[in-house]
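The values are calculated or read from the model by the stated rules, or taken from the named source; none is laboratory data. All of these numbers come straight from a predicted model, not from anything done at the bench. Heads up, the Cβs are rebuilt from the backbone with ideal geometry, glycines too, and the neighbour counts pull from every protein chain shown. All accessible areas refer to the heavy atoms of the entire protein, side chains included, with ligands and DNA or RNA removed. Shrake-Rupley method; radii C 1.70, N 1.55, O 1.52, S 1.80 Å.
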Amino acid sequence: MIKIKDLHKQFDQLKVLKGINLEVAKGKVVVVIGPSGSGKTTLLRCLNVLEQPTSGQIAIEDQVLDFSQQVPKKKIPSFRRLTGMVFQNYNLFPHMTALENIMEGPVTVKGEKKEAARKKAEMLLGKVGLGDKIHFYPFQLSGGQQQRVGIARALAMEPKVMLFDEPTSALDPELVGEVLKVMKDLANEGMTMVVVTHEMRFAREAADEVIFMDGGVVVERGNPEQIFSNPKEARTKQFLNLIQ
Amino acid sequence: MAKMFLSSIFLDPERVARLMEIGKNSFQPLLEGAIIYTIPLTLISFVCGLALAILTALARISGNKVLQTVARMYVSAVRGTPLLVQLFIIFYGLPTIGIIIDPFPSAIIGFSLNVGAYASEIIRAAILSIPKGQWEAGYSIGMSYPQTLKRIILPQASRVSIPPLSNTFISLVKDTSLASMILVTEMFRRAQEIAATNYEFLLLYMQAALIYWVICFLLSVVQGRIENRLDRYVSS
Ligand SMILES: Nc1ncnc2c1ncn2[C@@H]1O[C@H](COP(=O)(O)OP(=O)(O)OP(=O)(O)O)[C@@H](O)[C@H]1O
Ligand SMILES: [Mg+2]
């Protein structure tokens, strides 16, 4: 499903990603952990080209972008539509209701009929447990509710892969559960997901694979049990000690 | 002395009657001047200026160095020279190189260029005040730059820019009086012309001032309404 080959990203002098290789099979959930500044966000942003990698290759399904050469600008939008992004601070459109936030992509980008888009948006809001909040503006929703709208907005574009960048780290502790539940449901439905998170319980319960990143490289990878109970690398152990 | 002055205006019944008569007769031409010239001049110039301002703001924030420079020079030139001088250049200056433009269109051009420059700074600041995450959210659901701009950024930027744009608009209403200097028979020019025949300068200029004031007052009411409408999506 996703194949990343020798991905590099550099901001001016700062090398943030130093050769990432990663494969994610269809329907799998990969959790990415690692210390602050290790490049987790940058990796996700490269996956939907919000950040242009310096070199390397990313393939999602049958679309391949090779960043060693100049990537044609017109290839990017269709590539971007393969992935849905969920942001740490939700980034909902504040001037639109929950329903309008979700309809925006299908109507404006895909040219879907308003009526059909509305039906789908209502269905998605029901799915994330917000069927009674469809006409609320973001400022009228709690953080957890906003993030669930964010997830529904991404799903409305019917992406092949969902990317989550610390989706619960801006939330009050009591609101984390409702978002994680939606994510688990999604995983159970077979959605391919790449999740950056510090929620170790989510990683244990939902991840097929855990990836530990540090200093712009993948230091260690394995199933959750292996990484959390029996890490091989000293850096992984050190990091896990710090957060547990 | 003061008593004499007051009595000369207010206590002389004949004088009061004359003033009332002139005031009544001049009210209609002044109002006509406002309706036929002042208001259309303001509206047309504002709409054209706003379009120009959006283009200029987009040029300023674009990555294109040439566009940026052109936009910056335009803004600098307009802001750095008096509006009256600009109007004179267009109406009295250009004919010497064979470009002859009627008074009213000359005024439209001058005022539009002016609004375009000032409002572009307002719009640019408003666009830049929208968090980067909003652009990224637009891109992440597959929107293009123009789509994100139109659907996500400008609607939010317009809310931020309503108060300063209203100031520009109200200034424009008052600035249209300068069009009197290039022969547009708008309200203030009519006041001047009428006063020149009967020498009641105070009365006529006060009358014109009052009409400007009423127009601006009504505009600030409209501004309040628009702000309330656009504020519906932010917590108070
Ligand atoms: N646009 C940018 N310009 C310059 N440097 C950047 C930019 N974005 C990120 N960086 C730098 O890249 C490095 C990695 O950032 P990144 O956000 O990917 O880390 P992270 O692993 O997500 O960290 P955190 O856990 O704090 O979110 C940091 O040193 C950061 O300062
Ligand atoms: Mg991050």
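Would you mind finding the one in A:Leu43, A:Leu22 that is more than 18 Å from A:Pro167 (Cβ to Cβ), within 16 Å of ligand 1 (Cβ to nearest atom) and within 17 Å of the chain's Cα centre (by Cα)?
On the way: A:Leu43 fails: more than 18 Å from A:Pro167 (Cβ to Cβ).
None of the others qualify; the one that does is A:Leu22.
The residue that is most open to solvent (accessible area, probe 1.4 Å), among those in the stretch A:209-228 that are outside any strand (DSSP E or B) and within 15 Å of ligand 2 (Cβ to nearest atom), is A:Gly215. Kindly list, by first and then second residue, each pair from a residue in the stretch A:205-229 that is within 16 Å of A:Glu23 (Cα to Cα) to a residue that is more than 16 Å from ligand 1 (Cβ to nearest atom) and among the acidic types (Asp, Glu), limited to pairs with Cβ atoms under 6 Å and residues at least 6 apart or on different chains. From residues that are within 16 Å of A:Glu23 (Cα to Cα), the pairs are A:Val219/A:Glu233; A:Glu220/A:Glu233.
From the set of residues in the stretch B:199-236 that are within 14 Å of another protein chain (Cβ to nearest Cβ) and exposed (fewer than 12 other Cβ atoms within 10 Å of the Cβ), which is modelled with the highest pLDDT? Out of the qualifying residues, it is B:Arg229.
For the stretch B:80-98, the set of residues classified as of a type outside the set (Gly, Ala, Ser) and either loosely packed, with under 12 Cβ neighbours inside 10 Å or farther than 17 Å from B:Asn114 by Cα (or both) consists of B:Pro82, B:Val85, B:Tyr92, B:Leu94, B:Pro95, B:Thr96, B:Ile97, listed by residue number. Just one of the listed residues (A:Val217, A:Val182) is touching a strand residue (DSSP E or B) at 6+ places or on another chain (Cβ under 9 Å) and away from chain B (no Cβ under 14 Å), and it is A:Val217.
Evaluate the stretch A:115-130: report whether one residue or more is open to solvent by 50 Å² or more (accessible area, probe 1.4 Å) and either within 14 Å of chain B (Cβ to nearest Cβ) or under 27 Å from B:Ala157 (Cα atoms) (or both). Checking the stretch A:115-130: at least one residue is open to solvent by 50 Å² or more (accessible area, probe 1.4 Å) and either within 14 Å of chain B (Cβ to nearest Cβ) or under 27 Å from B:Ala157 (Cα atoms) (or both). Within the stretch A:170-201, being hydrophobic (A, V, I, L, M, F, W, C) and either more than 16 Å from ligand 2 (Cβ to nearest atom) or open to solvent by 40 Å² or more (accessible area, probe 1.4 Å) (or both) holds for A:Ala170, A:Leu175, A:Val176, A:Val179, A:Leu180, A:Val182, A:Met183, A:Leu186, A:Ala187, A:Met191, A:Met193, A:Met200. Answer yes or no as to whether B:Ala107 is open to solvent by less than 60 Å² (accessible area, probe 1.4 Å) and under 19 Å from B:Val173 (Cβ atoms). In short, yes.
So which helices (runs of 4 or more DSSP H) stay within the stretch B:10-106 end to end and still have 1 or more residues that are at pLDDT 95 or above and within 22 Å of B:Leu149 (Cα to Cα)? First the steps, then the outcome.
Details: elements: B:13-33, B:39-61, B:65-79, B:83-88.
Because the criterion is at least 1 residues that are at pLDDT 95 or above and within 22 Å of B:Leu149 (Cα to Cα), the helices (runs of 4 or more DSSP H) in the stretch B:10-106 that meet it are B:39-61, B:65-79.
Within the stretch A:84-101, residues that are more than 8 Å from chain B (Cβ to nearest Cβ) and within 16 Å of ligand 2 (Cβ to nearest atom) have Cβ atoms under 7 Å from residues that are among the aromatic types (Phe, Trp, Tyr) and assigned to a strand (DSSP E or B) in these pairs: A:Val86/A:Phe164, counting only partners at least 6 apart in sequence or on another chain.
B:Gln156 meets each of the listed conditions (1) open to solvent by 50 Å² or more (accessible area, probe 1.4 Å); (2) within 11 Å of another protein chain (Cβ to nearest Cβ) apart from (1). Per the conditions (1) buried (at least 19 other Cβ atoms within 10 Å of the Cβ); (2) farther than 22 Å from B:Val47 by Cβ; (3) in contact (Cβ under 8 Å) with a residue 60 or more places away in the chain, the sole criterion not satisfied by B:Phe169 is (2). Restricting attention to the stretch A:51-81, the residues being within 10 Å of chain B (Cβ to nearest Cβ), buried (at least 20 other Cβ atoms within 10 Å of the Cβ) and in contact with a strand residue (DSSP E or B) (Cβ under 9 Å, 6 or more places away or on another chain) number 1. When the residues of the stretch A:148-169 are narrowed to those that are away from chain B (no Cβ under 14 Å) and of a type outside the set (Val, Ile, Thr), which ends up farthest from ligand 2 (Cβ to nearest atom)? Looking at residues that are away from chain B (no Cβ under 14 Å) and of a type outside the set (Val, Ile, Thr), I get A:Arg148. Scoring A:Gln10 on the criteria (1) crowded, with 23+ Cβ neighbours inside 10 Å; (2) farther than 30 Å from A:Ser142 by Cβ; (3) not hydrophobic (A, V, I, L, M, F, W, C) leaves a single failure, condition (1). Scanning the stretch A:3-54 for residues that are in a strand (DSSP E or B) and touching an Asp or Glu at 6+ places or on another chain (Cβ under 7 Å), we see that the one that is farthest from ligand 2 (Cβ to nearest atom) is A:Lys3. Answer yes if at least one residue in the stretch A:47-59 is within 15 Å of ligand 1 (Cβ to nearest atom) and touching a residue at least 60 places away in the same chain (Cβ under 8 Å), and no otherwise. Yes, there is a match, as at least one residue in the stretch A:47-59 is within 15 Å of ligand 1 (Cβ to nearest atom) and touching a residue at least 60 places away in the same chain (Cβ under 8 Å).
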